[in-house]
Amino acid sequence: MKSLGFVALSLVLATTIGASSAEKTSDVTVVNQSAWDIHHFFLSPADQNEWGPDQLGDLVIGTGDSFQLQSVPCNEYDVRLVDEDGDECIVAAVDVCGSNETWEITSDDLLECEAS
């Protein structure tokens with residue numbers, strides 16, 4: 001893979017009703033179904049210009065593995081993934097609000113990102 005652009009992550013949403021947006025949080029499970037290990041995973045509120053900390057720390061999401069972010073505050077986020085080759089993929093304006101979500105990353109997603 002060369003430089004990656006944008007990718008559409010498959011989102012499976014389970015909507016919840018109840019608390020106001022400010023009180024809602026989400027658990028997000030990232031499933032790596034691609035041929036490449038994911039070494040870095042950054043989130044940033046879409047209205048900010050700087051990335052937050054690497055959500056993986058020293059962890060790696062290997063092929064077939066998953067990682068869970070817990071209690072993500074309700075917001076719209078930009079997501080930045082960096083794979084084992086150092087290629088990065090940015091997905092803009094992902095809405096995370098009061099639901100449990102699964103983001104599945106496939107090789108096709110990453111290759112589509114590369115083509116952009």
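The values are calculated or read from the model by the stated rules, or taken from the named source; none is laboratory data. This is a predicted model, so every value here is computed, not measured. Please note: Cβ atoms are built from the backbone with ideal geometry, for glycine as well, and neighbour counts cover all protein chains shown.
Restricting attention to segment 88-109 and to residues that are within 15 Å of T63 (Cβ to Cβ) and out of contact with any strand residue (DSSP E or B) (no Cβ under 6 Å at 6 or more places or on another chain), the residue that is surrounded by the most Cβ atoms within 10 Å (Cβ to Cβ) turns out to be D109.
Scanning segment 59-94 for residues that are aliphatic (A, V, I, L, M), assigned to a strand (DSSP E or B) and farther than 26 Å from A115 by Cα yields a count of 2. Looking at segment 82-105, which of its residues are without any contact (Cβ under 8 Å) to a residue 60 or more places away in the chain and of a type outside the set (G, A, S)? Of everything in segment 82-105, those that are without any contact (Cβ under 8 Å) to a residue 60 or more places away in the chain and of a type outside the set (G, A, S) turn out to be V82, E84, D95. In segment 18-58, the residue that is modelled with the lowest pLDDT out of those that are outside any strand (DSSP E or B) and among the polar types (S, T, N, Q) is S20.
Are any residues in segment 62-87 closer than 13 Å to L43 by Cα and crowded, with 17+ Cβ neighbours inside 10 Å, and if so, which ones? If the condition is that a residue be closer than 13 Å to L43 by Cα and crowded, with 17+ Cβ neighbours inside 10 Å, then L69, V72, C74, N75, Y77, D78, V79, R80, L81, V82 are the ones that fit.
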